[in-house]
Structure formats: C-alpha cells, structure tokens
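Chemist: Got a structure for you, questions after.
Every number in this text was worked out from the coordinates using simple rules, so none of it is lab data. What you see is a predicted model; the values in this text were computed from it and never measured. Here the Cβ positions follow ideal geometry from the backbone for every residue, glycine too, while neighbour counts run over all protein chains shown.
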Amino acid sequence: MPASPASMTCVDEAEPAPKPRVKHLLTGAELDGAAVKDLLELSRQMKIHRGAWSGALAGKTLAMIFAKPSTRTRVSFEVGMKELGGYTVVLNARDMQLGRGETIEDTGAVLSRYVAGVAVRTFAHAELEALAAASTVPVINMLTDSFHPCQALADLLTLAERFGSLEGVEVAYVGDGNNVLHSLLLLGTTVGVRFRVATPPGFEPDPAVVQAARRNGSEVVLTHSAEEAVAGAHAVYTDVWTSMGWEDERETRLKVFQPYQVTPQLMAAARPDAVFMHCLPAHRGEEVTAEVIDGPQSVVWDQAENRLHAQKALLLRLLG
Ligand code: CP
Ligand code: NVA
C-alpha cells in the first residue's frame, strides 16, 4: 500500500535544510570556508602521519580519464589512492569509446556502475559538467580549460605551511588569467586570502569567476601592472603563458606576456619573506627566470608534493 503523505514526511519543516554533502569537485565553488579548512587540516594530518589512513578506501576504485597529458596529477592521484588502500583505473580518453562518439553522459553512467569515483582531465569544462550530471558517484576535476581545483587545494596547503593562518595572506598572481587562477581565486577567497592579479589586457580572468570570488568576502584586485600586483605580497604566483590547448597562440603570447616574467627584480618588490609559486610544468626563461624558480624563495616542490596530501584528504572526504 502506498504510504500516506504524512508518513512520508521525515524532515521537520521548521528546521533549515542541511547543506548537501559535497559530491563533486568541479571548480572549487562547491566548497565553503569550513569545508576548505577541514580539507587543509586533514591534508596536514595526512602529511604528518602518512601511513595512518592505509585502509580508509580499501576496495574502492577511482577511474581517471585523461584527454590531456599529466605528470603530477596522474602520479599523485595514483599514489594517493594506493596509500589509502584503493585502486585506480587510468584511461586515455582517445582509447575509450568516448573517442569514437559515445556520449560523455553514457560514459559517466556506465563508469558509475563500476567505480567509487571518476576523475577527469579534459578540454571544455562543459564536458566535465555533463559527465558529473550523469554520474552517480563523485566526479573530480583534474583540470579543464577553465578550472584546476586540486591544484588550488595544494597551493593553499603550501601557503598555510609557510604563513600559518591564511586570513589576510596576499597573493600576487602574474600572467595568464587561466584555469589555475580561477580555482585559486574561488578557493582562496573562502579562507581570507587576498588577491592582486596582473595580466596583459585581454587575458584577465573570467569576470564571473572574479565576481564569485569577491562574493566570498576577500579582496580581488585586477591590474595590468605586474609591479603593482607584487608590491608587498606574501606570495608571487605564475603559470605558463600558453596552457594546454592554446598552442596555436604560442608565438603571440610569448610577445604579449613578456612584461609579466617573474624575475629577481620583480620578486624584490614583494615582502622579504615572500614565496614564489608555480603549479608546474614551468618554462624557465618565459614566465619565470631560473634564478627565481630554482632560488631560495621558491616553494614549487612543496606545491607539487602537497598535491598528494591534499588529494588524499579530498578522496577520503568524497569517497570515504
Ligand atoms: N600541476 C599539474 O597539474 O601538473 P600536471 O600537468 O603534471 O598534472
Ligand atoms: N594552465 C596550465 C596548467 C597545467 C597544470 C594548463 O592548463 O596547461
């Protein structure tokens, strides 16, 4: 017999609906400040006690789909899943039926029947959204043309290790208003990081992302002057001038971005204890000089290592 409407009511209407549990990580906007702080604290613990969660994802599998190359993301997710007792299936998008026209939605629905989570690195962000909409398991963005949230979590962990509280930490981002910047803005502003972003005209971050980041309550200043952005900053962050997928624009970009190279002179305008950050891979002599990236202020290897710890925390929260 069907249940009566009264007996189907299980939530007291006077109570506010609980915030839905984070299921996917697609941009960074899914996480509020409390969720980011929780992930960073868990990452910190996982870094200190590296083997302590060895059975946490026992028997669970993460499918990883790559439509673009990767070193750090692939290895850190694979090692992370193994350290948590789980497994990975690594798929090159070209070798899947996806590459022969099977829809992304069908791919998501099918993978959801096999694995506990799906991680994707692809081109158009809309592809990832479509896959997430059709998946019944958590979907993690391993980089799209528009966002790179796993990188941003590792970067915030790195900043927290250097400066303690993230509240009021000033990050100068110099270069292309790209995927790495977008997620860094969305996640950093939830925990009080202030941003000054210097790009060439026409290469600013997406205005909708800037607006969303500002709504988190932290300052985001846009400028075309690298010197203005860097003045007094705790961290100077840059990324490649030509991201994967934009190779056709490489020659133009090399010229347009030249005034945005991070040099020792530019670093000298930041705080004396400022750090240099880069998500890697880097091009020495383009977006950064070798003296800076290989010098004492550089924390790029910590950022790379922290991908592992931050992603283990994320995997535990999403798949655990
Ligand atoms: N930073 C980063 O995502 O590196 P990979 O492209 O090597 O994964
Ligand atoms: N912005 C770069 C980041 C690489 C990790 C790219 O998309 O190629």
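Chemist: Taking Cα centroids, how far is the range 168-185 from the range 77-115 in Å?
Modeler: About 30 Å separates the Cα centre of the range 168-185 from the one of the range 77-115.
Chemist: How much net charge surrounds T71 when only the other residues with a Cβ under 12 Å from the Cβ of T71 are counted, with Lys and Arg +1 and Asp and Glu -1?
Modeler: +4
Chemist: Cα gyration tensor of the range 161-277, axes a ≥ b ≥ c as square roots of the eigenvalues: rounded (a/c below 1.5), prolate (a/b > b/c) or oblate?
Modeler: oblate
Chemist: Hey, got the dipole for the range 86-135? About the Cα centre, +1 on K and R Cβ, -1 on D and E Cβ, debye to the nearest 20?
Modeler: 160 debye
Chemist: Using a/c under 1.5 as the rounded threshold, could you call the range 204-250 rounded, prolate or oblate? The axes a ≥ b ≥ c are square roots of the C-alpha gyration tensor eigenvalues, and prolate needs a/b larger than b/c, oblate otherwise.
Modeler: In terms of gyration-tensor shape, oblate.
Chemist: Need one number for the range 130-220: average projected area of the convex hull over its C-alpha atoms, nm².
Modeler: 6.5 nm²
Chemist: If you don't mind, another one. What does the charge count near R194 come to, summing +1 for each Lys or Arg and -1 for each Asp or Glu among other residues with Cβ under 15 Å from its Cβ?
Modeler: Spelling it out: positives minus negatives among the neighbours equals -1.
Chemist: Run the simple label-point estimate for K23 and A133 please: 7 Å along Cα→C-beta, distance reported in nm.
Modeler: 1.3 nm
Chemist: Related question: Evaluate the distance, in nm, between pseudo-label points positioned 7 Å from the Cα of R113 and of E291 along their respective Cα→Cβ axes.
Modeler: 6.1 nm
Chemist: Putting +1 on Lys and Arg Cβ atoms and -1 on Asp and Glu Cβ atoms, find which of G59, A134, Q45 reaches farthest to the positive end of the dipole of the range 37-134.
Modeler: Q45
Chemist: With N denoting the number of residues in the chain, provide Rg(C-alpha) divided by 2.2 N^0.38 Å, to two decimal places.
Modeler: Scaled against compact globular proteins, the figure is 1.04.
Chemist: Ratio of the range 88-137's C-alpha Rg to 2.2 N^0.38 Å, to two decimals?
Modeler: Rounded to two decimals, the normalised Rg is 1.03.
Chemist: Report, for the chain, the % of DSSP beta bridges that are antiparallel, rounded to 5.
Modeler: Bridges in the chain that DSSP calls antiparallel: roughly 0 percent.
Chemist: If each residue of separation counts as 0.36 nm, what is the full-extension length gain between Q265 and D38 once their alpha-carbon separation is subtracted?
Modeler: 78.0 nm
Chemist: Listed highest first by mean packing, meaning other Cβ atoms within 10 Å per residue, what order do 211-217, 282-288 come in?
Modeler: The most tightly packed comes first, giving 282-288, 211-217.
Chemist: Starting from a Cα-only point model with no solvent, please compute log10 I(q)/I(0) by Debye for the range 54-143 at q = 0.16, 0.26 1/Å.
Modeler: Log-scaled intensity ratios, in q order: -0.59, -1.41.
Chemist: Which residue, W241, A304, G33, has the largest displacement toward the positive end of the dipole of the chain when charges sit on each Cβ (Lys, Arg +1; Asp, Glu -1)?
Modeler: Among W241, A304, G33, the one farthest towards the positive end of the dipole of the chain is A304.
Chemist: While we're here: Compute a Gaussian network model of the chain, connecting alpha carbons closer than 10 Å, and tell me which residue from W301, W246, W53 fluctuates the most.
Modeler: Highest fluctuation among the options: W246.
Chemist: Given +1 on the Cβ of Lys and Arg, -1 on the Cβ of Asp and Glu, and no further charges, what dipole in debye does the chain carry about its Cα centre, rounded to the nearest 20?
Modeler: 860 debye
Chemist: Then there's this: For the range 257-309, what is the charge dipole size about the Cα centre, in debye to the nearest 20, if Lys and Arg each add +1 at the Cβ and Asp and Glu each add -1 at the Cβ?
Modeler: Charge dipole of the range 257-309: 80 debye, to the nearest 20.
Chemist: Which residue fluctuates most in the GNM of the chain (Cα springs below 10 Å): G232, G51, G85?
Modeler: Of the options given, G51 has the highest mean-square fluctuation.
Chemist: Here is a follow-up. With label points built 7 Å along Cα→Cβ from the Cα atoms of A58 and V79, find their separation and express it in nm.
Modeler: Roughly 2.4 nm, to one decimal.
Chemist: Going toward the positive end of the dipole of the range 118-201, with +1 on Lys and Arg Cβ and -1 on Asp and Glu Cβ, which of G192, L143, N178 do you reach last?
Modeler: Working it through, the farthest residue towards the positive pole turns out to be G192.
Chemist: Once the piece of chain linking I48 and T223 is laid out straight, how much longer is it, given 0.36 nm per residue of separation minus the C-alpha distance between them?
Modeler: Length gained, I48 through T223: 59.1 nm.
Chemist: Please work out the C-alpha center-to-center distance from the range 190-235 to the range 266-309 and express it in whole Å.
Modeler: 18 Å
Chemist: Relative to the longest principal axis of the C-alpha atoms of the chain, give the angle of the C-alpha long axis of helix 33-48, reported between 0 and 90° and rounded to the nearest 10°.
Modeler: Result, in degrees: 80.
Chemist: Taking the 0 to 90 degree range and rounding to the nearest ten, how far is the long axis of helix 300-319 tilted relative to the main principal axis of the chain, both from C-alpha atoms?
Modeler: 20 degrees
Chemist: Any chance you could give the angle, 0 to 90 degrees and rounded to 10, that helix 179-188 forms with the longest Cα principal axis of the chain?
Modeler: Computed tilt is about 80 degrees.
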